[in-house]
Amino acid sequence: MVMQLEGRIGDRDVWGSDRCSVTQAMQLLGSPTALLFVREAFYGTTKFSDFVQRVGVTDTAASNRLKKLVEAGVFEKRSYRVPGARARDEYLLTPMGEALLPVLVALMSWGDEHLQDEGGPVRILSAETVRAVIRDEDGKAVDPERLKVVAARESASDG
């Protein structure tokens with residue numbers, strides 16, 4: 001399956017990936033720990049030490065990655081205090097971070113199907129197992145063979 005490139009971007013030699021949203025997303029989220037921190041936040045993790053333990057990274061690596069994710073707006077850092085202890089920070093997903101749920105579901109589904117012998121170790125359920133799908137503005141599933149890629153300022157019919 002190959003998506004069709006239409007209009008100005010049909011000529012691959014006249015545009016690069018420097019402004020590509022996938023490139024920018026991967027620069028922010030492309031480290032193995034970034035999406036694992038987001039996964040853990042969806043599972044309810046908020047404390048720094050819990051992120052370190054559950055993701056399996058050093059304090060330094062966790063601190064650096066969480067700092068970048070806070071600066072980018074994926075997490076917000078909020079102080080909390082347990083009575084009798086010093087103030088600490090917790091990390092909570094922002095709406096920007098919460099918007100990554102379909103990305104995580106899609107990655108998990110892909111990993112379950114292609115990297116696990118008998119599916120993955122967990123399932124995300126509603127009434128049935130949940131999977132990410134591509135939908136149009138009206139909520140109808142879109143056949144990937146029908147996808148077209150056009151410059152953002154062009155419509156599918158301009159191409």
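Any read-out appearing in this document is the output of simple, stated calculations on the displayed coordinates, not a laboratory observation. Since the model is a prediction, treat every value here as computed from it, not as a measurement. Because the Cβ atoms are built from the backbone with ideal geometry, glycine has one as well, and the counts that use them run over all protein chains shown.
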Q: Please list 43-54, 66-77, 16-27, 136-147 highest first by mean number of surrounding beta-carbon atoms within 10 Å per residue.
A: 66-77, 43-54, 16-27, 136-147
Q: Note the angle between two axes, namely the Cα long axis of helix 32-42 and the longest principal axis of the Cα atoms of the chain, as a number of degrees from 0 to 90, rounded to the nearest 10.
A: 70
Q. So, in nm, how far is label I134 from label R88 when the simple model puts each one 7 Å beyond its Cα toward the Cβ?
A. 4.4
Q | Label-to-label distance, nm, for residues given as R8 and S63 (7 Å Cα→Cβ offset) | A | 4.5
Q | Kirkwood-based Rg to Rh ratio, the chain, C-alpha trace | A | 1.05
**Q.** Length-normalised contact order for segment 1-86 - Cα pairs under 8 Å, 6+ apart - percent
**A.** 21
Q. Which values of log₁₀ I(q)/I(0), to two decimal places, follow from the Debye formula for segment 31-96 at q = 0.21 Å⁻¹ with a uniform point scatterer at every Cα?
A. -0.81
Q: Give the angle, between 0 and 90 degrees and rounded to the nearest 10, that separates the Cα long axis of helix 101-114 from the longest principal axis of the Cα atoms of the chain.
A: 80
Q | Relative contact order, percent, the chain [alpha-carbon distance under 8 Å, six or more residues apart] | A | 30
Q) So what are the ³J(HN,Hα) numbers for segment 11-16, from phi and the Karplus equation (6.51, -1.76, 1.60; θ = phi - 60°), rounded to whole Hz, Gly and Pro as x? A) 8, 5, 7, 9, 9, x
Q) Given a Förster distance of 22 angstrom, what is the FRET efficiency for V22 paired with T46, based on the Cβ-Cβ distance and rounded to 0.05? A) 0.15
Q. Once the dipole of the chain is set up with Lys and Arg at +1 and Asp and Glu at -1 on Cβ about the Cα centre, which of F51, S21, T33 lies farthest towards its positive end?
A. F51
Q) So between E145 and V105, what do we pick up on full extension, going 0.36 nm a residue minus the alpha carbon distance? A) 12.3 nm
